[in-house]
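Trainee: Can you read through this structure? Questions will come right after.
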Amino acid sequence: MSDSAINIRRLDANASGFKQELNRLLDWEGVSDDRVNNVVKEVLHRVKTEGDKALLEYTAKFDRLDLKTGAELEISQERLQQALINIPKEQRDALELATKRVRLYHERQKSESWSYTEEDGTMLGQQVTCLDRVGLYVPGGKAAYPSSVIMNAVPAKVAGVPELIMVVPTPDGEVNEMVLAAAAICGVDRVFCVGGAQAVAALAYGTETIPPVDKVVGPGNIYVATAKRMVFGTVGIDMIAGPSEILVVCDGETDPDWIAVDLFSQAEHDEDAQSILVTPDADFADKVVASMNRLLPTMPRQKIIRTALEARGAVIVVDDMAQAVEMINFIAPEHLELSVDNPQALLPKIRHAGAIFMGRYTAEALGDYCAGPNHVLPTSRTARFSSPLGVYDFQKRSSLIMCSADGASVLGEVAGILADGEGLQAHAASARFRLKKS
């Protein structure tokens with residue numbers, strides 16, 4: 001590994017051509033190529049038509065796991081409990097505390113049914129119900145994330161979902177004990193050792209062993225993301241997530257080492273991750289870059305961090321905090337750190353961000369694991385119109401209408417007039433048949 005300085009972009013928000021350069025920096029096209037699309041289409045078709053037979057073949061091919069029957073795909077509840085017993089106590093305690101905090105936060109999101117009655121006796125309202133069955137995709141093997149189990153399973157369970165089906169690949173039979181322990185703590189109902197596009201297909205269409213679900217959630221590679229995109233409509237999905245992002249806005253008064261490591265924390269995810277610093281203090285920007293260069297050699301994933309910072313990272317100098325807020329709302333970051341004296345004063349001006357971490361002591365990494373809010377967040381500027389994963393993603397709403405005789409007469413006449421105007425005479429007749437006879 002070279003000891004050369006990190007070649008991170010240094011941008012001036014007032015320089016000529018800045019907006020064009022920023023647009024190029026933010027642009028990330030996560031579209032699958034034809035090869036990926038064709039592979040996924042074939043996998044989906046085979047699992048849909050052949051069921052367990054295709055699942056077992058793909059598991060042998062991609063995960064090098066030779067199973068004889070579909071039943072062998074399932075990981076028993078006893079095995080989950082054994083994992084919970086086997087992991088070190090400090091890991092178990094951390095998982096349990098994180099789960100408790102995430103549950104307490106998400107319990108506040110739960111929607112309830114409501115109704116009201118008008119003067120003539122007509123009742124209108126909304127009935128809130130949970131989904132029947134949800135599928136949770138969890139990366140497996142060495143790239144295992146027990147925190148993703150917590151963040152996806154807990155809101156589903158808080159919503160009241162009666163059955164949560166988890167799929168997790170176990171390449172070469174490698175099982176991550178913390179992932180299984182997290183599934184036990186969160187009350188996951190069934191777990192299957194299958195991954196990739198074939199796992200998404202099994203959840204969407206069902207097989208002899210894996211039941212079909214109503215919604216598929218959870219992160220995965222390009223094949224998983226492509227499969228989720230293709231089965232959407234047959235089932236619901238949470239989102240198609242892009243690379244991880246962090247935007248740190250700092251007034252220049254925070255320890256530059258803290259800011260440098262915060263930028264590293266997202267850059268270490270993968271080479272496409274994006275870490276951006278915005279500050280009105282050019283001298284502070286220099287200090288942060290110096291900290292990054294000094295601290296990078298101490299990071300085990302330094303090669304990935306360097307690649308991400310040089311490919312998609314930036315340090316942007318603005319005039320003042322007002323211009324910094326403009327930058328926030330344009331970038332619409334997944335993670336936003338407000339490392340300033342009075343972050344609450346900026347909140348009313350911030351319209352687009354997935355999660356907002358306020359103050360000098362709030363590292364984004366706390367939100368990834370145990371703060372309480374969900375770490376499944378909109379990426380690639382989709383925070384302009386999307387929200388974090390929450391209980392509301394596992395609930396649905398039905399409208400309630402119950403007319404009284406008087407209400408049916410009033411509304412029937414209005415509906416009849418509108419239906420006539422649209423040329424839908426049966427609609428008009430249906431509405432008017434219930435008019436009270438004078």
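Trainee: Which pairs turn up if I take residues in the stretch 189-218 that are over 11 Å from residue 52 (Cα atoms) and assigned by TED's automatic domain parsing to the domain that holds residue 138 and look for partners that are of a type in the set (Ser, Thr, Tyr) and assigned to a loop (DSSP other than H, G, I, E, B) with beta carbon separation below 6 Å, at least 6 apart in sequence or on another chain?
Mentor: These pairs meet every condition: 193/170; 204/234.
Trainee: Another one. Of everything in the stretch 390-436, what is aromatic (Phe, Trp, Tyr) and within 44 Å of the chain's Cα centre (by Cα)? Give them in sequence order.
Mentor: 392, 394
Trainee: Across the stretch 69-97, what is the total count of residues that are among the small types (Gly, Ala, Ser) and either out of contact with any Asp or Glu (no Cβ under 6 Å at 6 or more places or on another chain) or part of a loop (DSSP other than H, G, I, E, B) (or both)?
Mentor: Residues flagged as among the small types (Gly, Ala, Ser) and either out of contact with any Asp or Glu (no Cβ under 6 Å at 6 or more places or on another chain) or part of a loop (DSSP other than H, G, I, E, B) (or both) within the stretch 69-97 amount to 3.
Trainee: Suppose the filter is part of a loop (DSSP other than H, G, I, E, B), in contact with a Gly (Cβ under 9 Å, 6 or more places away or on another chain) and assigned by TED's automatic domain parsing to the domain that holds residue 227; does residue 66 pass it?
Mentor: When the stated conditions are applied, residue 66 does not pass them.
Trainee: Among what's in the stretch 254-274 and is under 16 Å from residue 5 (Cβ atoms) and in contact with a strand residue (DSSP E or B) (Cβ under 6 Å, 6 or more places away or on another chain), pick the residue that is surrounded by the most Cβ atoms within 10 Å (Cβ to Cβ).
Mentor: So the residue we want is 267.
Trainee: Also, quick follow-up: Run residue 169 past the list (1) surrounded by 24 or more Cβ atoms within 10 Å (Cβ to Cβ); (2) assigned to a helix (DSSP H, G or I) and report the number of the one that doesn't hold.
Mentor: (2)
Trainee: Of the conditions (1) part of a loop (DSSP other than H, G, I, E, B); (2) more than 30 Å from residue 28 (Cβ to Cβ); (3) at pLDDT 95 or above, residue 437 satisfies every one except a single condition; which number is it?
Mentor: Looking at each condition in turn, residue 437 falls short on (3).
Trainee: For residue 353, which of the numbered conditions (1) more than 27 Å from residue 145 (Cα to Cα); (2) assigned by TED's automatic domain parsing to the domain that holds residue 260; (3) in a loop (DSSP other than H, G, I, E, B) fails to hold?
Mentor: Residue 353 satisfies every listed condition except (1).
Trainee: Could you list, in sequence order, the residues of the stretch 150-169 that are touching an Asp or Glu at 6+ places or on another chain (Cβ under 8 Å) and within 14 Å of residue 80 (Cα to Cα)?
Mentor: 165
For every residue, the table says whether it meets (1) crowded, with 18+ Cβ neighbours inside 10 Å; (2) touching a Gly at 6+ places or on another chain (Cβ under 8 Å).
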residue	(1), (2)
305	yes, no
310	no, no
318	yes, no
325	yes, no
359	no, no
362	no, no
374	yes, yes
377	yes, yes
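Trainee: For residue 174, only one of the following conditions fails: (1) within 26 Å of residue 81 (Cβ to Cβ); (2) of a type in the set (Asp, Glu); (3) at pLDDT 95 or above. What is its number?
Mentor: (3)
Trainee: Okay, moving on. Considering only residues that are within 25 Å of residue 272 (Cβ to Cβ), modelled with pLDDT of 90 or more and polar (S, T, N, Q), which ones fall in the stretch 18-51?
Mentor: 20, 23, 37, 38
Trainee: Could you pull out every one of the strands (runs of 3 or more DSSP E) wholly within the stretch 98-155 that has 2 or more residues that are small (Gly, Ala, Ser) and either closer than 30 Å to residue 192 by Cα or not assigned by TED's automatic domain parsing to the domain that holds residue 227 (or both)?
Mentor: none
Trainee: Now for a separate question. Is it the case that the stretch 131-139 has a residue that's without any contact (Cβ under 8 Å) to a residue 60 or more places away in the chain and buried (at least 20 other Cβ atoms within 10 Å of the Cβ)?
Mentor: No; the residues of the stretch 131-139 include none that is without any contact (Cβ under 8 Å) to a residue 60 or more places away in the chain and buried (at least 20 other Cβ atoms within 10 Å of the Cβ).
Trainee: Of everything in the stretch 390-422 that's touching a residue at least 24 places away in the same chain (Cβ under 8 Å), β-branched (Val, Ile, Thr) and not in a strand (DSSP E or B), which residue is farthest from residue 136 (Cα to Cα)?
Mentor: 410
Trainee: Only one of 430, 387 is part of a helix (DSSP H, G or I) and at pLDDT 95 or above. Can you tell me which?
Mentor: 430
Trainee: Okay, moving on. If a residue must be surrounded by 15 or more Cβ atoms within 10 Å (Cβ to Cβ) and within 30 Å of residue 157 (Cα to Cα), how many such residues does the stretch 393-430 contain?
Mentor: Result for the stretch 393-430: 4.
Trainee: Going through 25, 11, 44, 55 one at a time, which residue ends up being surrounded by 15 or more Cβ atoms within 10 Å (Cβ to Cβ), outside any helix (DSSP H, G or I) and touching a residue at least 24 places away in the same chain (Cβ under 8 Å)?
Mentor: Result of the check over 25, 11, 44, 55: 11.
Trainee: I would also like to ask the following. Filter the stretch 59-106 down to residues that are among the polar types (S, T, N, Q) and under 28 Å from the mean Cα position of the chain (by Cα) and give me whichever is surrounded by the fewest Cβ atoms within 10 Å (Cβ to Cβ).
Mentor: Among them, the one singled out is 76.
The values are calculated or read from the model by the stated rules, or taken from the named source; none is laboratory data. Source: prediction; values computed, not measured. Cβ atoms come from the backbone with ideal geometry, glycine included; neighbour counts cover every protein chain shown.
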